[in-house]
Amino acid sequence: MLTLGNGRGWTEVQVRKAQPGIAPLTTGILAAVAGISYSSWVLEFPLHTKVDVIDGYVSELSASDQPSHWLFSAGDLVAGVLMMYVAVSCLRTLRRRPWSVVGWGFLMLFGISAIGDSVFAMDCAPSTDTACALRERAGRVSFSHQFHDVTSSVVVFAGIAALFSLSVAARRYGWWPALARWAWVLAVGEALTALATLVLMYLGVWLGLAQRVQISVLCLGLLLIAWTLLAGHFVRPNALSPYRERPAVQSPPHERLSIKEKAGTG
């Protein structure tokens with residue numbers, strides 16, 4: 001019996017039924033690997049790429065004409081495949097409630113779009129190649145180059161939606177304290193940095209810096225999900241969670257008997 005503040009308690013069975021379940025340990029580990037893999041853009045510093053950190057797109061690192069483009073494409077590909085696996089694993093092994101299903105569904109969409117970023121790479125880097133920028137404006141780039149904008153946009157949208165949905169699930173169902181506390185913060189931060197990137201893109205300044213901050217926030221979100229899945233293996237479920245939907249607790253037998261006696265004498 002787990003005692004609540006009013007002296008009454010939950011049975012172990014009630015606590016287990018209130019929990020979302022525990023995903024396999026490998027799922028949490030692979031989620032962490034995905035979060036790290038999606039931050040592969042930081043390798044531009046030791047590799048000394050030609051893309052400008054302040055004004056260049058992160059996607060230009062994986063452009064077909066760039067050195068080490070395969071490395072950055074592989075980072076997106078690995079992150080996408082692993083996050084799809086994580087989403088499917090969570091849907092299969094964890095308790096399904098509406099908001100959690102929506103959250104894992106958006107995480108799967110994020111994985112699909114990240115794979116799309118890798119497969120539909122840009123032809124060239126317009127921020128470093130004037131000829132590339134002119135071809136882009138004239139529409140003389142490949143379908144892959146043009147479609148990359150679509151997959152990148154869906155990645156951002158799906159990441160924000162997944163974090164927000166899982167945050168709502170965590171708070172509404174009393175699950176995953178870390179997600180309940182921080183996922184919505186990261187979702188708002190991701191949305192704001194994405195909006196800032198669009199504004200700076202229009203102004204033509206600092207968009208590379210804003211986009212790198214945006215992706216960093218998204219990576220933190222992926223690592224937060226990984227921590228949540230791993231914590232289930234090491235942290236005992238907390239019946240006193242401030243967000244938990246608590247089942248009705250009956251009065252002890254001697255209290256119920258006392259109430260009946262008073263009713264009878266009345």
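The values are calculated or read from the model by the stated rules, or taken from the named source; none is laboratory data. None of these values were measured; they are calculated from a predicted model. Neighbour counts run over all protein chains shown; Cβ positions are idealised from the backbone, glycine included.
All told, V42 meets the bar of being without any contact (Cβ under 8 Å) to a residue 40 or more places away in the chain, of a type outside the set (S, T, Y) and in a helix (DSSP H, G or I). Scan region 133-143 for residues that are within 16 Å of K50 (Cβ to Cβ) and modelled with pLDDT of 95 or more and report the count. Total meeting the criteria: 0. The residue that is surrounded by the most Cβ atoms within 10 Å (Cβ to Cβ), among those in region 90-122 that are aromatic (F, W, Y) and within 18 Å of the chain's Cα centre (by Cα), is F110. Look at (1) farther than 17 Å from I54 by Cα; (2) at pLDDT 95 or above and you find that F234 fails only one, number (2).
Residues that are among the hydroxyl-bearing types (S, T, Y) and closer than 19 Å to V53 by Cβ within region 104-132 comprise S127, T128, listed in sequence order. Show me the helices (runs of 4 or more DSSP H) entirely contained within region 48-154 in which 2 or more residues are basic (K, R). Because the criterion is at least 2 residues that are basic (K, R), the helices (runs of 4 or more DSSP H) in region 48-154 that meet it are 130-138. Please enumerate the residues belonging to region 9-39 that are assigned to a helix (DSSP H, G or I) and at pLDDT below 95. Matches in region 9-39: E12, V13, Q14, V15, R16, K17, A18.
Looking at region 182-196, is at least one residue of a type in the set (F, W, Y) and modelled with pLDDT under 95? No: region 182-196 contains no residue that is of a type in the set (F, W, Y) and modelled with pLDDT under 95. Checking A79, A125, A87 one by one, the residue that is crowded, with 19+ Cβ neighbours inside 10 Å, small (G, A, S), free of Cβ contacts under 8 Å to residues at least 40 places away in the same chain and within 25 Å of W41 (Cα to Cα) is A87 and no other. Within region 48-66, identify whether any single residue is under 20 Å from F120 (Cβ atoms) and surrounded by fewer than 19 Cβ atoms within 10 Å (Cβ to Cβ), and answer yes or no. So far as region 48-66 goes, yes, one or more of its residues are under 20 Å from F120 (Cβ atoms) and surrounded by fewer than 19 Cβ atoms within 10 Å (Cβ to Cβ).
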